[in-house]
Amino acid sequence: VQAHFGFGPLCAYLSINYMDRFLVAYELPKGRAWTMQLLAIGCISLAVKVEETCVPMTLDLQVGIRNLLVSMLSVC
């Protein structure tokens with residue numbers, strides 16, 4: 001995602017930092033692979049909004065995740 005959109009290195013660092021801090025505090029449910037992917041998209045989205053001037057839509061951040069489109073139907 002970083003290379004695809006040309007985000008800076010600080011954006012990548014922040015997204016990994018957010019994910020690490022979340023995983024230290026909370027345990028994701030077992031058997032639901034989409035939860036980790038949703039967390040990754042959320043952390044990237046937050047880091048982009050903090051650091052970058054050109055912010056793509058959250059749906060566009062799902063680049064490179066094959067056969068997955070996180071939608072409200074799959075989360076519910």
Selection from segment 1-16 of residues that are at pLDDT below 85 and either open to solvent by 80 Å² or more (accessible area, probe 1.4 Å) or more than 21 Å from Glu52 (Cα to Cα) (or both):
Ala3, His4
I'd like the full set of residues that are open to solvent by less than 80 Å² (accessible area, probe 1.4 Å), over 25 Å from Gly6 (Cα atoms) and not in a helix (DSSP H, G or I), limited to segment 17-57.
Leu28, Pro29
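The values are calculated or read from the model by the stated rules, or taken from the named source; none is laboratory data. Treat the numbers as computed from the prediction; the structure is a model and nothing was measured. Just the protein is used for accessible areas: all its heavy atoms, side chains included, with ligands, DNA and RNA removed. Shrake-Rupley method; radii C 1.70, N 1.55, O 1.52, S 1.80 Å.
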